[in-house]
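The structure under discussion appears below in the form of structure tokens.
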Amino acid sequence: MSNYMRVVAMLALVGFVTLSGCGRMRSQTQVPDPSRTYPPAYGDMIVEGTIADPAILNPILASDSASSDVTSQIFTSLLRYDKDLNLVGELAESWEISPEGTVITFKLKKGVKWHDGKPLTAHDVKFTLGRYLDPTVKTAYRSNFEKISKSAVLDDHTFRVWYAEPFAPALVNMGSMPILPRHLLKGRDINTTDDFNYRPVGSGPYKFISWQRAESVILQANPEYFEGRPYLNRVVFRVIPDMAVQFLELQNHGLDMMGLTPNQYTGEGSEPEFTDQFNKYKYTSNQYTYMGFNLKKAIFRDKRFRQAIALSLDKEALVKGVLEGLGSVATGPYTPSSWAYNEDVKPVAFDQLKARELFVAAGYRYAKDGRLTKNGKPVEFTLLTNQGNRNREQTATIIQAQLKEVGIKVKIRVIAWSTFLSEFVNKRKFDALLLGWSLARDPDLYSIWHSSRMGEHEFNFVSYKNAEVDRLLVRGRTTFNHERRVRIYHRVHELIAADLPYVFLFVPDSLPAVHRRILGIEPAPAGIGYNFIKWYVPEGFHKYTK
Amino acid sequence: MIRYILRRLVISLPILFGITIITFGVIHLTPGGFTSVHMDMNPNVSPDSIAKLQELYGLDQPLPVQYVKWVSRLIRLDFGRSFLDQSPVIHKIGQRLPATLLLSGLSMLFIFMLAIPVGVYSAMHHNSRQDRVITVLTFVGYSVPTFWLALLCMLLFGVVLGWLPISGIRSVNHDFLGPMGQFWDYVSHLILPVFISAFGGLASISRYTRSNMLEVVRQDYIRTARAKGLPRSRVYYVHALKNALLPIITIIGLALPGLIGGSFIFETIFSWPGMGRLAYESALSFDYPTIMGIAVIGAVLVLLGNILADVLYASVDPRIRL
């Protein structure tokens with residue numbers, strides 16, 4: 001190729017890129033004036049972006065979040081969390097726990113109907129529980145209900161479960177079980193009820209309309225919904241597997257709502273063309289990222305060593321660098337939105353001088369070249385993390401650089417998720433790992449921190465053992481009294497934070513953006529989705545009129 | 001001819017069998033597994049539940065037993081049910097196939113319609129400036145990553161100019177459009193993906209055509225035709241092209257599996273509900289029955305495509321006999 005041709009080709013490319021990059025957003029639509037109030041109105045439609053196609057729309061068989069995002073609009077359960085994360089009745093009008101905590105009785109609301117018009121009764125609840133416990137049903141959640149010794153329908157609207165021993169998470173487990181319609185599923189093999197699993201019939205605020213695989217799921221407001229007809233007439237979940245394309249679709253008004261990445265939130269998402277059209281929200285999520293140590297390895301057994309590592313890491317810098325400041329420093333096994341979060345526990349300070357002193361106190365020496373050594377050998381370890389999570393890869397790199405400053409060599413290995421789990425985590429073949437937990441709302445962390453949960457496939461893979469934490473975790477799950485549980489879990493938070501089996505790094509913020517024509521959104525500790533049925537588009541601003 | 005085809009089909013059977021054994025072995029030897037990907041690291045799922053699920057899916061049995069069971073179902077043309085959503089594999093493939101066929105069929109059509117004239121033109125103006133411009137353009141198309149070009153075009157034609165939709169196969173309000181509106185809805189969603197995938201595929205066919213043409217025009221019969229006084233374009237387009245296109249038949253035969261295979265990257269960028277994404281997603285989630293189903297269909301098409309190419313070749317080229 002001649003030079004002349006090369007220059008022409010380059011110019012053409014550069015021109016194209018600049019042309020595309022400098023453009024301004026075209027479609028600006030009329031949005032309600034934020035300083036005015038508008039009365040709610042029925043109608044219009046909201047289009048949400050989702051990365052993955054739901055697997056199956058029967059909540060008992062699904063174990064992916066894309067499916068549960070959809071089914072949570074179609075199905076209802078006995079209880080749900082309100083905006084302040086308190087358990088309140090959904091299908092249940094009231095519930096009662098026996099004094100010894102082994103019997104729970106739910107009174108159901110009367111007049112609740114399935115989408116096909118049949119009444120929803122306690123028999124449906126009993127039927128659903130039976131499916132979860134049925135050994136032939138391919139559900140991942142059987143163990144949530146295995147402590148139940150007996151269940152009974154007392155009358156059409158009263159349901160009771162018995163436990164062999166008091167079990168506090170029982171209320172959440174029972175309460176969040178999506179109820180399935182007995183009249184459609186009785187006597188059938190639920191694994192293969194294709195007519196139901198892909199065209200579900202529920203009792204929730206939205207009815208199923210259609211599902212184009214890998215494309216979209218469309219739901220329609222249920223006018224008979226027992227908590228009131230939702231204002232937004234339709235909900236569409238659009239499957240857009242690429243995050244960059246999702247953001248383009250949002251800017252192009254092909255989507256009304258998506259979760260932004262920190263980059264999108266602070267970058268293009270803060271340009272006036274964007275904020276004129278979209279409201280951005282920011283609230284703390286219920287997940288955190290941590291560096292976990294394999295406490296079975298000699299190097300990590302000494303608590304002073306772990307403390308010194310924690311002191312060497314600048315957590316604030318991680319929040320700034322990885323999350324663009326959109327998050328907070330984690331202090332322990334609970335996140336700030338949980339009632340179990342102990343506010344008195346402060347994050348480990350960033351103090352590399354103190355870290356060096358601690359290393360020396362623990363028997364480590366600094367060599368002439370500045371490397372930390374033990375018995376003449378330089379200290380080094382491997383930090384594992386999973387592929388495909390850019391935040392974690394960036395975090396690992398920053399940790400590597402910060403620990404280098406105190407003389408520790410960290411090698412990073414990034415491994416595909418399934419290999420990471422099966423070959424390294426489950427087999428305990430790691431020094432340290434960088435991972436995250438996404439927590440349930442009940443603070444029972446028995447499966448993660450109790451010393452009996454160290455077996456293969458179990459979640460105490462760092463092999464943490466503290467007799468007091470063990471005792472408290474057992475007491476926490478057998479106590480129903482809220483105040484007492486608060487005290488127990490605050491202590492758990494404090495103890496684990498002090499023991500440092502993990503270095504707790506950061507809690508990212510959730511960053512949804514919603515089109516400005518949609519009003520009624522009120523951010524609360526529970527996020528923004530809790531009052532979805534009250535979201536509305538005022539008269540005159542409807543985009544999809546049919 | 002029929003005997004030849006039959007013989008080739010019979011020989012293909014053990015090959016197909018071998019392909020399934022290798023595929024089955026490879027996907028089961030990959031570290032991890034169905035339950036590991038979906039349920040490990042979910043504190044709400046206990047190890048007992050996982051063990052129970054393994055048993056229900058038959059994953060606790062020895063590999064040879066699992067394979068024999070799978071083959072015995074396959075012989076009855078039963079591809080089994082997907083682990084991921086419990087639906088029959090054949091159903092899943094059926095849902096995804098039309099979108100991929102539509103996209104790859106159209107783009108293949110465009111590639112042939114454009115690349116052959118372009119190739120002939122290049123050959124006629126061999127080594128001229130036009131030839132070089134074409135060479136550069138087709139190679140740019142070949143080497144530019146499609147996902148990058150796709151994102152730029154989405155930005156330009158979607159967000160900036162607003163002429164075309166960005167992704168997907170139809171709009172969310174498609175059902176409410178009239179028949180003409182629905183048709184235009186499909187067309188407008190097809191323009192970007194078809195154009196971009198055709199741009200990427202232009203290079204190979206046009207280069208093939210060009211080099212075949214250059215070879216053919218050196219033959220004696222072309223000189224004869226020119227000597228008769230036929231116009232240059234008639235010599236090229238009628239006499240030379242026919243023979244220059246022979247190797248293209250092989251390419252068509254080999255393209256058959258690609259026609260239904262789809263491209264993962266492409267379909268992901270355009271949110272296209274096709275086979276490429278299905279294959280990739282099922283591989284990532286260790287959905288063994290779906291992976292095997294797609295592999296079998298792919299293998300069958302490769303084998304058939306080869307036979308088809310040979311047969312076609314023999315029927316148009318009298319120098320080759322089967």
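Computed from the coordinates by the stated procedures, all read-outs in this text should not be read as laboratory data. Treat the numbers as computed from the prediction; the structure is a model and nothing was measured. For neighbour counting, all protein chains shown are included, and Cβ atoms are generated from backbone atoms with ideal geometry for every residue, glycine included.
Observations on the model:
- With kT/(6 pi eta Rh) evaluated at 10 °C and eta = 1.306 mPa s, and Rh the Kirkwood radius from Cα pairs, the stretch A:287-509 diffuses with a coefficient of 89 µm²/s according to Stokes-Einstein.
- Taking the charge dipole of the stretch A:79-190 about its Cα centre, with +1 at Lys and Arg Cβ atoms and -1 at Asp and Glu Cβ atoms, the residue from A:GLY89, A:PRO169, A:GLY130 reaching farthest to the positive side is A:GLY130.
- Using θ = phi - 60° and Karplus 6.51 cos²θ - 1.76 cosθ + 1.60, couplings along the stretch B:162-176 (whole Hz; Gly, Pro as x): x, 7, 10, x, 7, 8, x, 9, 7, 7, 5, 9, 3, 4, 8
- Separation of alpha-carbon centers, the stretch B:190-231 and the stretch A:243-269, rounded to whole Å: 44 Å
- Charging the Cβ of each Asp and Glu at -1 and of each Lys and Arg at +1, and nothing else, the dipole of the protein assembly as shown about its Cα centre rounds to 2540 debye.
- Interchain or long-range residues, amide H under 5 Å from A:LEU108's placed H: A:GLU93, A:THR158, A:PHE159
- For the stretch B:1-158, with +1 on Lys and Arg beta carbons and -1 on Asp and Glu, the positive-most of B:LEU9, B:MET154, B:LEU74 along the dipole: B:LEU9
- Listed pairs A:LYS110/A:LYS150; A:LYS138/A:LYS429; A:LYS374/A:LYS465; A:LYS296/B:LYS52; A:LYS297/A:LYS411 exceeding 19 Å between Cα atoms: A:LYS110/A:LYS150; A:LYS138/A:LYS429; A:LYS374/A:LYS465; A:LYS296/B:LYS52
- Summing Cβ point charges (Lys, Arg +1; Asp, Glu -1) relative to the Cα centre of the stretch A:287-509 gives a dipole of roughly 800 debye.
- For chain B: rounded, prolate or oblate by the Cα gyration tensor [a/c cutoff 1.5]: oblate
- Each Lys and Arg contributes +1 and each Asp and Glu -1, all at the Cβ; summed about the Cα centre of the stretch A:219-270, the dipole is approximately 100 debye.
- Å³ per residue enclosed by the Cα convex hull of the stretch A:357-411: 80 Å³
- Cα centroid of the stretch A:429-452 to Cα centroid of the stretch B:295-309, whole Å: 48 Å
- Selected from A:THR105, A:THR139, A:LEU184, residue furthest toward positive end of dipole (the stretch A:79-190; charges at beta carbon): A:LEU184
- Those lysines that a straight Cα-Cα span of less than 19 Å connects to A:LYS282, excepting residues fewer than 8 apart in one chain: A:LYS83, A:LYS320
- Proximity of backbone amide H atoms, modeled 1.01 Å from N, is registered between A:THR373 and A:ARG365, A:TYR366, A:ALA367, A:VAL379 at under 5 Å, excluding neighbours fewer than 5 places apart on the same chain.
- Based on alpha-carbon atoms, the Kirkwood radius and the radius of gyration of the stretch A:79-190 give Rg/Rh equal to 0.95.
- Cα point-scatterer Debye curve for chain A, base-10 log of I(q)/I(0) at q = 0.06, 0.07, 0.11 Å⁻¹: -0.36, -0.49, -1.13
- Hz values of 3J(HN,Hα) by residue in the stretch B:293-300 - Karplus curve (6.51, -1.76, 1.60), Gly and Pro given as x: x, 5, 4, 5, 4, x, 5, 4
- Nearby aspartates and glutamates by direct alpha-carbon distance to B:LYS228 (threshold 16 angstrom, same-chain neighbours under 8 apart not counted): B:ASP220
- With θ taken as phi - 60° and the Karplus curve 6.51 cos²θ - 1.76 cosθ + 1.60 applied, the whole-hertz 3J(HN,Hα) list for the stretch A:306-321 is 5, 4, 5, 5, 4, 5, 6, 9, 8, 5, 4, 5, 5, 4, 5, x Hz, x standing for glycine and proline.
- Stretching A:GLU268 away from A:ILE209 to a fully extended chain increases their span by 17.8 nm, per 0.36 nm per residue minus the current alpha-carbon distance.
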